[in-house]
Amino acid sequence: MRRSPMAAVPHQTHQFSMPSTDTAPIRHGEELNWDALEAYLHEHLPSKLGGLAIDPAAKFEVEQFPGGHSNLTYCVRFGGLEFVMRRPPFGPVAPTAHDMPREYRLLAAIHPHFQLAPKPYLLCEDREIIGAPFYLMERRCGIVVRQTVPPEIGDDLGLRHSVSESLVDTLADLHAVDIQSTGLVAIGKPPGFVKRQVEGWAGRWERSKTTELPEMTETARWLIERLPPDTPAPTLVHNDYKLDNLMLDAANPTRIVAILDWEMCTVGDPLIDLGLLLCYWPQADDPEMLSDSLRSVTALPGWMTRAEIVERYAARSGRDVSNIGYYHTFAVFKLAVVIQQIYYRYHVGQTQDERFASFDKRVDVLAKMAYSMIQAEG
């Protein structure tokens, strides 16, 4: 499908230049009932846009955002109007996972207080339309750093470092949102947050494992035995904060224009976010097997090291990060479980996406990494 220029959406807070290539044709097996979708949107979307009618003659187009391994994200166009649509993956999914209504309501609650969270427009819980609940949100445009350094950043090592700084500062700013005065404390339950996280992901491992990995069993035991006390100052927790979930301004990549994937956002211990960021931040001196499993541009020159990230976050947030090794270890364990859940879907035939065929090897590497980390922690 041919891409169309973006037009302004009523009440949209941000407008940015269109990136050169950020959508792709629909992947095989991830097609939807386009006629039903188009009819539903014509009927229900205008009331969410301040009454703006969608031109019945406007060409309806859909492409797909190629990144990500979980929820399916599409670019929906009506002529010059563009939106982002998200729905769960096909096949059975873990209980409470891929909850599109929850993600929609999270964005609706968070966006007024932290506008890097995109504005949601429309939620559909009728499974008859495209086979699952879905929602539409505003389309923000920029660059997302994935497997290669985009030309907008290129070989400018100073710019890479500055982008790293912006990423850390934005995380600290997210954690500075006052969850009490905004009422956002109601989206989660801060007491016992880390305990529920650790026990929950340990349980997911047991339900999705396709082979025994003693390293995972030992790491789960270690994490449960060494649970930190509840934080006295809970915050918003994005729960999937990493470089490729940020959208950068193409004209000034140090400016973050959106944070993506709010599905798991809650309130609790902010160091959960920092630990996950470290997990997804390979650096040049990491073991080769880990670099192969966690491919990222951050191992290239110019990007901050993990130690620099921790130091900058501590300085901006004022938080005690002395126990960050625990949170980093948990993040590696959690990532191993996430990848195992994806591999399990492939293993039992719930998806035919060949990208997932070797994910069991990535799980094995991460399991060994987590185990080596608990040994180093003592």
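The values are calculated or read from the model by the stated rules, or taken from the named source; none is laboratory data. Just so we're clear, the structure is a prediction, and the values are computed from it rather than from any experiment. Using ideal geometry, Cβ is built from the backbone for each residue, glycine included, and neighbour counts are taken over all protein chains shown.
Report, by residue number, each residue of region 216-241 that is buried (at least 20 other Cβ atoms within 10 Å of the Cβ) and more than 22 Å from residue 321 (Cβ to Cβ).
Within region 216-241, 216, 220 meet the criteria.
Against the conditions (1) touching a Gly at 6+ places or on another chain (Cβ under 8 Å); (2) more than 24 Å from residue 120 (Cβ to Cβ); (3) outside any loop (DSSP other than H, G, I, E, B), where does residue 258 fall short? Just the number, please.
Condition (2) is where residue 258 drops out.
What pairs come out if I take residues in region 259-270 that are touching a residue at least 12 places away in the same chain (Cβ under 8 Å) and pair them with residues that are among the polar types (S, T, N, Q) and not in a strand (DSSP E or B) whose C-beta lies under 6 Å away, six or more apart or interchain?
Filtered contacts from region 259-270: 260/245; 261/245; 264/239; 265/239; 269/231.
Looking at region 114-211, what helices (runs of 4 or more DSSP H) fall wholly within it and have at least 1 residues that are of a type in the set (Asp, Glu) and surrounded by 14 or more Cβ atoms within 10 Å (Cβ to Cβ)? Quick ask: steps written out before the conclusion?
Details: elements: 127-130, 157-175, 193-208.
Filter on region 114-211 gives 157-175, 193-208.
Every residue, every condition in (1) among the hydrophobic types (A, V, I, L, M, F, W, C); (2) within 19 Å of the chain's Cα centre (by Cα); (3) farther than 18 Å from residue 213 by Cβ; (4) buried (at least 20 other Cβ atoms within 10 Å of the Cβ), yes or no:
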| residue | (1), (2), (3), (4) |
| --- | --- |
| 321 | yes, no, yes, no |
| 327 | no, yes, yes, yes |
| 334 | no, yes, no, yes |
| 339 | yes, yes, no, yes |
| 342 | yes, yes, no, yes |
| 347 | no, no, no, no |
| 352 | no, no, yes, no |
| 356 | yes, yes, no, no |
| 361 | no, no, no, no |
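Looking at region 231-252, I want the residues that are modelled with pLDDT of 95 or more and have a partner that is surrounded by fewer than 18 Cβ atoms within 10 Å (Cβ to Cβ) and among the small types (Gly, Ala, Ser) with Cβ atoms under 7 Å, at least 6 apart or on another chain. Which pairs are those?
Going by the 7 Å Cβ cut-off, the qualifying pairs are 250/17; 251/17.
Can you tell me which residues in region 321-365 are among the aliphatic types (A, V, I, L, M) and either farther than 21 Å from residue 310 by Cα or not in a helix (DSSP H, G or I) (or both)?
Step one: filter region 321-365 for residues among the aliphatic types (A, V, I, L, M), giving 321, 324, 331-332, 335-339, 342, 348, 357, 363, 365.
Correct list: 321, 336, 337, 338, 339, 342, 348, 357, 363, 365.
Looking only at residues that are not aliphatic (A, V, I, L, M) and not in a loop (DSSP other than H, G, I, E, B) in region 261-289, which one is farthest from residue 247 (Cα to Cα)? Don't jump to the end; show me each part of the working.
Here is the first cut: in region 261-289, the residues not aliphatic (A, V, I, L, M) are 261-263, 265-266, 268-270, 273, 275, 279-283, 285-288.
Next cut, not in a loop (DSSP other than H, G, I, E, B) only: 266, 268, 273, 275, 279, 288.
Values: 266: 21, 268: 24, 273: 17, 275: 20, 279: 19, 288: 28 Å.
Taking the candidates together, the pick is 288.
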